[in-house]
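Contents: one structure, followed by commentary.
The values are calculated or read from the model by the stated rules, or taken from the named source; none is laboratory data. All of these numbers come straight from a predicted model, not from anything done at the bench. Quick reminder, even Gly has a Cβ in these numbers, built from the backbone with ideal geometry, and neighbours come from all protein chains shown. Just so you know, the surface numbers come from the protein's heavy atoms only, side chains and all, with ligands and any DNA or RNA stripped out. Shrake-Rupley method; radii C 1.70, N 1.55, O 1.52, S 1.80 Å.
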Amino acid sequence: TNNNTIGTLGSVTRGGAFSLTDTTGGLTVTGPVTGGTITNGVTISTAGGALAVNGNISTSGANNVSLTGVGITAGAVATVDGGAGTILLDGNAGAINLNAGSSLTTTNAGTSAITIRDATTVALGGISAASGTVVLGVGQDITGAVTQNGASIVNAGALTASTGGSITLSNSNTIGAL
């Protein structure tokens, strides 16, 4: 963890949990962060700039993925796979913009399988939490609009939202309960 100054995070092969704190300027994850023993959690945090996820990040089993930046973007082919764990995206009061071709996926069946929070605006990419709940905002900490990019699909057992702005999810989504 510690306080690192890193501009780009490339391929990571791990033997346990992976935790990285970048302290300045933002961070681009080119990855992949998918190699080695992935039966552990992944935490990546950056301050002073956006977190750009352009490579895949994976865990397996009930291990969580937590991504934090002053804004978060996901590239067209970026997949964040939480296995059976949860996925948290915390925009730290910046915009979250997930490309239509990007994917957040988990088999977690909990009430916070995927949580996207603390952002000015959110533009969703593909989301899959068919057995769990997708949470958009906590205590109205998404202050602006929530939309979907392109033809992205939200597939969720349930969806909850607490935002200060409008929510427009007009694509061919599959949501079990609101």
Subset of region 154-178 [part of a loop (DSSP other than H, G, I, E, B) and either within 14 Å of L88 (Cα to Cα) or small (G, A, S) (or both)] = S162, G164, G165, S166, S170, S172, G176, A177
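This table checks each residue for (1) of a type in the set (G, A, S); (2) more than 12 Å from the chain's Cα centre (by Cα); (3) open to solvent by 10 Å² or more (accessible area, probe 1.4 Å).
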position: A109; (1), (2), (3): yes, yes, yes
position: T115; (1), (2), (3): no, no, yes
position: V122; (1), (2), (3): no, no, no
position: I127; (1), (2), (3): no, no, no
position: G132; (1), (2), (3): yes, yes, no
position: G144; (1), (2), (3): yes, yes, yes
position: I153; (1), (2), (3): no, yes, yes
position: G157; (1), (2), (3): yes, yes, yes
position: A161; (1), (2), (3): yes, yes, yes
Go through region 94-108 and count every residue that is farther than 20 Å from S172 by Cα and in a strand (DSSP E or B).
-> 3
Residues of region 111-153 being closer than 17 Å to A76 by Cβ and part of a loop (DSSP other than H, G, I, E, B), which ones?
-> G125, N149, G150, A151, S152, I153
Any chance region 32-48 includes a residue that's part of a loop (DSSP other than H, G, I, E, B), closer than 18 Å to A78 by Cβ, open to solvent by less than 40 Å² (accessible area, probe 1.4 Å) and of a type in the set (G, A, S)?
-> no
Does region 53-66 hold any residues that are over 16 Å from G126 (Cα atoms) and either of a type in the set (D, E, K, R) or surrounded by fewer than 24 Cβ atoms within 10 Å (Cβ to Cβ) (or both), and which are they?
-> S60, G61, A62, N63, N64, S66
Near pairs, Cβ below 6 angstrom, 6+ apart or cross-chain, from region 47-75 (without any contact (Cβ under 8 Å) to a residue 40 or more places away in the chain) to any residue that is acidic (D, E) and open to solvent by less than 40 Å² (accessible area, probe 1.4 Å) | T68/D90
